[in-house]
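Presented below is the structure to which this report refers.
The values are calculated or read from the model by the stated rules, or taken from the named source; none is laboratory data. It should be emphasised that the depicted structure is a prediction, and the values quoted were computed from it without experimental measurement. Cβ sites come from the backbone with ideal geometry, for glycine too, and all protein chains shown count toward neighbours. For the accessible areas, the whole protein counts, side chains as well, though only heavy atoms, and no ligand, DNA or RNA atoms are used. Shrake-Rupley method; radii C 1.70, N 1.55, O 1.52, S 1.80 Å.
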Amino acid sequence: MSFQNIQAQFEAEFENIQKNLNGKSGSDFNKMRNHSFAQFKKLGIPTVKHEDWKYSNLKNLDKIQFSFNSDSNFSKKDLEALPFSSLEGISICFVNGVFNEELSTLGNVPKIKVLTLETAVEQIPEVIEKHYGKYVETEKEGLSALNNALSNTGSVIVIDKNYVLESPIIIRYISDVKSEDIAVNLHNLIVVGEHSEVKIVEIFQTEGQKTSFSNLVTEIFVDKEAIAHYYKIQDENDQSYHVGTTQVNQEDKSYFYSATITLNGGFVRNNLNLVLNGQYIDNHMYGLYIPNGKQHVDNHTLVDHKMPNCESNELYKGVLMDSSNGVFNGKIFVREDAQKTNAYQNCRNVITSDSATMNSKPQLEIWADDVKCSHGTTTGKLNDEAIFYMQSRGIPKPEAIRLQLVAFAEDVVSQIKIEELREMLDTMIENKLK
Amino acid sequence: MLKISNLQARVESKEILRGINLDIKPGEIHAIMGPNGSGKSTLASVLAGREDYEVTGGTVEFNGKDLLELAPEERAAEGIFLAFQYPVEIPGVTTINFLKTAINQIRKYHEKEPLDAAQFLKLMKEKAKSVKIDDQLLRRSLNEGFSGGEKKRNEIFQMAMLEPSLGILDETDSGLDIDALKIVADGVNQLRSADRSFIVVTHYQRLLDYIVPDFVHVLYKGRIVKSGTKELALELEEKGYDWIKSEADALEASMV
Ligand SMILES: Nc1ncnc2c1ncn2[C@@H]1O[C@H](COP(=O)(O)OP(=O)(O)OP(=O)(O)O)[C@@H](O)[C@H]1O
Ligand SMILES: [Mg+2]
């Protein structure tokens, strides 16, 4: 398998960025970029020979000619026509990888900073210095290395100590592919200060029918006793490729609650990696994917228990329709020092068609002895008895199926702490499961 | 109301119903008894439209319509209700939500406007009271974690809500304590009317003290081998099924 064409495009883009650095080519930042790009060239784009990419084949990427940071006339009105646009909160919006001020509401809340990477480098260099690129694995992951090398923007969100922000912070990503195939590399950093609480919502949407390739990294640092809610909502077109890595570092007594909800997307690969770098940490990871047509959704999660007395809980659910594919790979590491760890993982799937497939694989590696761990994965069809029972009460079969699928999905949606978002999701899920 | 003629059905290659004849007029209650495995639940399921059973012969006419032509949900909309011997658990769907959907789908079938939330709640409160079912139970996932008795009572509650013209109760009395049995019987008796009929499948004469049937039939090896009035149930209680079995087996042998 070869990725010659696409590799060449990335190389050209890298050179292009290097040419336009205006004398900043010697900065530490740029050194890191160069290092990462060398790393990318070594690792390349993962093929199905790579154990972690066995079921997710990127080969068709090579057939496409992408344009980078492509111009767009995507307007406020266009945004308003998209789902989730009425969701209220502080928001920062990127269109084709470029920050769009008009579509953003950065807000003016003291103790909260919502900046673009360029501004953050100017205004809070110490935060960038300390956290940016420090958590994500770029030595082994080709696409993360590529992201590091090519991303020249992204959002930087910093919540000071001791602050509870009620309204969510929304990061919107619009791929405007009305006229061209586009590639986007964005890198975000979220720092939640000690004893603070925040809700982050990432929303991915497409305008148009051409192809987008989004290669994203979001690093989240959750400091001591902080609480971070993180919702990733994906509603992209059937031509889209999305490879997104969310890398979370949790400190003592912190909480991280996430829900990754894939409504639509052609090829979706979500990596959610949690490193528990302290004691008495708690986290919950929920996921829901409802692919139809030929959509492909792959969720890889990793929880690395490094220290004692932590708990992780994971529930991913999928409804696979038509000829769609689902992949779930959940790694849990419990290191030698991580005594008294509780780690639970569950992946449940319903397949509604004979041509849909699901590959799920739990992967527990436990080096400590005093731990409670469990995992389970199920994939099955809806219960015929239940469908007949509903029919016998006057509910037509398609409606009976839909009701059960919606109920199945609700376990995940109900975990979301933003009521408005929950309602929007319910409507979209109900419509899709029709 | 319901006319079953020479109904035959099988599952996979096994013949289970082997020529059932039964005529039910409006307002009548028919009890069906018979040994385990004789085909009682199969008959009930075939009437409700379960697809696992293949009807291989005979006809069923319901209020002038060919029942066997209708999908299960259409049968329900036409007024057939089956209280299941083993009610199914449906995680995540509350009884309330379930019934609201059911009622409005049936209304849609009859080209009626859906009930709004207030109308529905009023109806539900009224019916819940009539079968003494706890509101809390109705807010839980349908039948999930319900006790055996609660499941059965929930079936009667659903029947009260849907007001069918033919209620088929498949062993709704088994597993009920004596108080619950009375509540279930009361529920049925309240629904009794000149144009509503019931088929009551039971193993116990006890239920028939409360729901007094017009006719009692014995099903054995997929046929109705004896019919009578409520006295037949008393006789069965006393003598068991052996005498009926040997009569029926002898008759079948003589016909071969
Ligand atoms: N899906 C099925 N597959 C195979 N056999 C079946 C199936 N359903 C019913 N049967 C068989 O058909 C026969 C009749 O079953 P049915 O449940 O109708 O009996 P019943 O009279 O209701 O018995 P009980 O009094 O025990 O409830 C039994 O022998 C049963 O095993
Ligand atoms: Mg039975």
Checklist outcome for this item: Conditions (1) assigned by TED's automatic domain parsing to the domain that holds residue A:53; (2) in contact with a His (Cβ under 9 Å, 6 or more places away or on another chain); (3) open to solvent by less than 30 Å² (accessible area, probe 1.4 Å) -> residue A:257 fails only (3)
Checklist entry - Of the residues in the stretch A:225-268, how many are part of a loop (DSSP other than H, G, I, E, B) and more than 30 Å from residue A:338 (Cβ to Cβ)? => result 7
Checklist entry - Pairs, please: C-beta under 7 Å, at least 6 apart or cross-chain, first residue touching a residue at least 60 places away in the same chain (Cβ under 8 Å) and in the stretch B:96-110, second charged (D, E, K, R) and surrounded by fewer than 22 Cβ atoms within 10 Å (Cβ to Cβ)? => result none
Checklist entry - So which strands (runs of 3 or more DSSP E) are wholly in the stretch B:1-101 and hold at least 1 residues that are under 18 Å from the mean Cα position of the chain (by Cα) and among the hydrophobic types (A, V, I, L, M, F, W, C)? => result B:2-11, B:14-24, B:29-33, B:54-62, B:80-83
Checklist entry - In the stretch B:164-174, how many are within 16 Å of ligand 2 (Cβ to nearest atom) and not in a strand (DSSP E or B)? => result 4
Item to check | Residue that is among the charged types (D, E, K, R) and more than 11 Å from chain A (Cβ to nearest Cβ), where the choices are B:140, B:75, B:107 | outcome: B:140
Checklist entry - Out of all the residues in the stretch A:343-356, is one or more free of Cβ contacts under 8 Å to residues at least 40 places away in the same chain, open to solvent by less than 60 Å² (accessible area, probe 1.4 Å), more than 14 Å from chain B (Cβ to nearest Cβ) and hydroxyl-bearing (Ser, Thr, Tyr)? => result yes
Item to check | Pair list, Cβ under 8 Å, 6 or more apart: the stretch B:151-177 residue within 14 Å of chain A (Cβ to nearest Cβ), other residue of a type in the set (Phe, Trp, Tyr) and within 16 Å of ligand 1 (Cβ to nearest atom) | outcome: B:155/B:84; B:170/B:84
Checklist entry - What is the residue count in the stretch A:380-414 for residues that are assigned to a loop (DSSP other than H, G, I, E, B) and either open to solvent by 60 Å² or more (accessible area, probe 1.4 Å) or at the interface with another protein chain (Cβ under 10 Å from one of its Cβ atoms) (or both)? => result 8
Item to check | In the stretch B:125-163, the residues that are assigned to a loop (DSSP other than H, G, I, E, B) and either open to solvent by 30 Å² or more (accessible area, probe 1.4 Å) or small (Gly, Ala, Ser) (or both) | outcome: B:132, B:134, B:139, B:140, B:144, B:145, B:147, B:163
Item to check | the stretch B:29-67, subset more than 20 Å from residue B:79 (Cβ to Cβ), among the hydroxyl-bearing types (Ser, Thr, Tyr) and open to solvent by 20 Å² or more (accessible area, probe 1.4 Å), residue nearest to ligand 2 (Cβ to nearest atom) | outcome: B:41
Checklist entry - In this structure, is residue A:297 hydrophobic (A, V, I, L, M, F, W, C), open to solvent by less than 30 Å² (accessible area, probe 1.4 Å) and touching a residue at least 40 places away in the same chain (Cβ under 8 Å)? => result no
